[in-house]
Amino acid sequence: MRLVVTRLTQEAQDVLGVELRARDGEMLPSFTAGAHVDVRLPGGICRQYSLANSPLERDRYVLGVGLAAASRGGSAFMHQCLAVGDCIEVSAPRALFAVAAEAAEHVFIAGGIGITPILSMIHWCEAQGCPWRLLYCVRTRARAAYAWTLARHGERVRLHVDQEAGGAQPDLAAWLGNAAAGAHIYCCGPEGLMNAVSAQAAQAGWPRAAIHFERFAATGATASDDRAGSFKVVLLRSRKSISVRPDQSLLEALEDAGAAVPFSCRQGMCRSCEVPLLAGQADHRDFVLSDEERDAQTCILPCVSRARSAELVLDL
Ligand code: FES
């Protein structure tokens, strides 16, 4: 759908708030807290941005756009070229990161621009009267987007500013150790923070189903920069057999073979390219499948994932 930019706000250093509404003032498709949309930008660029506003609001979407240091055009365009009145192409919201309504407490950990989906989750918790707490980690106070909104929640919000802590890491053990029985943990932020939360939660014996992660950028190695080895792929329904070269992704090989696989991010973050896997062992390199889905070996995201076995059989 084409939505109009109705407001641009500077939420913090290098963080732009973008309000989008329907051109005719109609209601927008509903979304759940933590959902994101795909935004299509000039030059064929597609980026995922989380919705920051309350899921109860049906008349607007609010995005928080961090200016990526190594922007390949997406966030740089949003920061430098976008103007009120512009129309941009936006997908319907998709929910890969969602609140567990049954949780006894919602324990949030956000790093930098990772606050965006968590802010929407906090709106949801407030509306439902659910207990929540937030540990918000930023490099400097000037980069703490939405700090003015969060300040009214008092001690529920703990701000960890790297610069003021002398480089000391946030005390994750204490933060998670204070959680109520039956709490769920939600973390969105840089890779290092999520790895630290994952390790701390595992050490403390948290059930994996009670921990939720959202990656807002593919900062680690992906298939595009860590490709290795060729492998064969059988497309069962179209009765084709193809080879995937070391220098191409499985998705690229499928496209070369004429297979119509939808895609969006091409970074293993959105699931839009998901394909049923009928046989073979996938080398999952995405950021969205659960551990159970990886172990089941029944689907693969071909934009980044490859093969552990010599051959994969796909339902294509
Ligand atoms: S295109 Fe987004 S996960 Fe493959």
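The values are calculated or read from the model by the stated rules, or taken from the named source; none is laboratory data. Since this is a predicted model, take the numbers as computed values, not measurements. As a convention, Cβ positions derive from the backbone with ideal geometry for all residues, glycine included, and neighbour counts pool all protein chains shown. SASA here: full protein model, heavy atoms, side chains in, ligands and nucleic acids out. Shrake-Rupley method; radii C 1.70, N 1.55, O 1.52, S 1.80 Å.
Data overview
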| item | result |
| --- | --- |
| Added length on full extension, which subtracts the Cα-Cα distance from 0.36 nm per residue, HIS153 to ALA165 | 2.1 nm |
| Accessible surface ranking that places the most exposed of MET269, MET121 first, with a 1.4 angstrom probe | MET269, MET121 |
| Table column - 3J(HN,Hα) (Hz), the stretch 52-63, Karplus curve with 6.51, -1.76, 1.60, x for Gly and Pro | 9, 8, 6, x, 7, 7, 10, 9, 7, 10, 10, 9 |
| Karplus-derived 3J(HN,Hα), 6.51/-1.76/1.60, for each residue of the stretch 194-201, Hz, glycine and proline x | 5, 5, 5, 5, 4, 5, 5, 5 |
| Contour excess over end-to-end distance, with Cα ends at GLN203 and ALA174 and 0.36 nm allotted per residue | 9.2 nm |
| Centre separation in Å (Cα based) which lies between the stretch 228-289 and the stretch 53-98 | 28 Å |
| Histogram of C-alpha separations across the stretch 246-303, 5 Å bin width, % | 4, 21, 29, 26, 16, 4, 0 |
| Distant-in-sequence amide H partners of ASP283 (H built 1.01 Å from N, under 5 Å) | ARG306, ALA307, ARG308 |
| Backbone HN-Hα couplings from phi across the stretch 153-165 [Karplus 6.51/-1.76/1.60, Hz, Gly and Pro as x] | 8, x, 6, 5, 10, 10, 9, 10, 9, 3, 4, 7, 8 |
| Extension gain (nm, one decimal) between THR32 and ARG308, 0.36 nm per residue minus Cα-Cα | 95.8 nm |
| Amide H contacts of ALA68 (H built 1.01 Å from N, under 5 Å, at least 5 apart or other chain) | SER75, ALA76 |
| ARG141 - accessible surface, heavy atoms, 1.4 Å probe, Å² rounded to 10 | 140 Å² |
| Relative contact order computed over the stretch 109-251 (Cα-Cα under 8 Å; 6+ residues apart), in percent | 21 percent |
| R0 of 22 Å, Cβ-Cβ distance ALA92-ARG40: FRET efficiency to nearest 0.05 | 0.95 |
| ASP247 accessible area, assembled protein chains, probe 1.4 Å, Å² | 100 Å² |
| Contact order relative to length of the chain, as percent, for alpha carbon pairs under 8 angstrom and 6 or more apart | 14 percent |
| Exposure ranking of PHE97, PHE263 by accessible area [1.4 Å probe, largest first] | PHE263, PHE97 |
| ALA83/GLN128 FRET efficiency (R0 41 Å; Cβ-Cβ; nearest 0.05) | 0.70 |
| For ALA144, distant residues with modelled amide H under 5 Å away | GLN13 |
| GNM result for the chain, Cα springs below 10 Å: residue of ASP162, ASP283, ASP256 fluctuating most strongly | ASP256 |
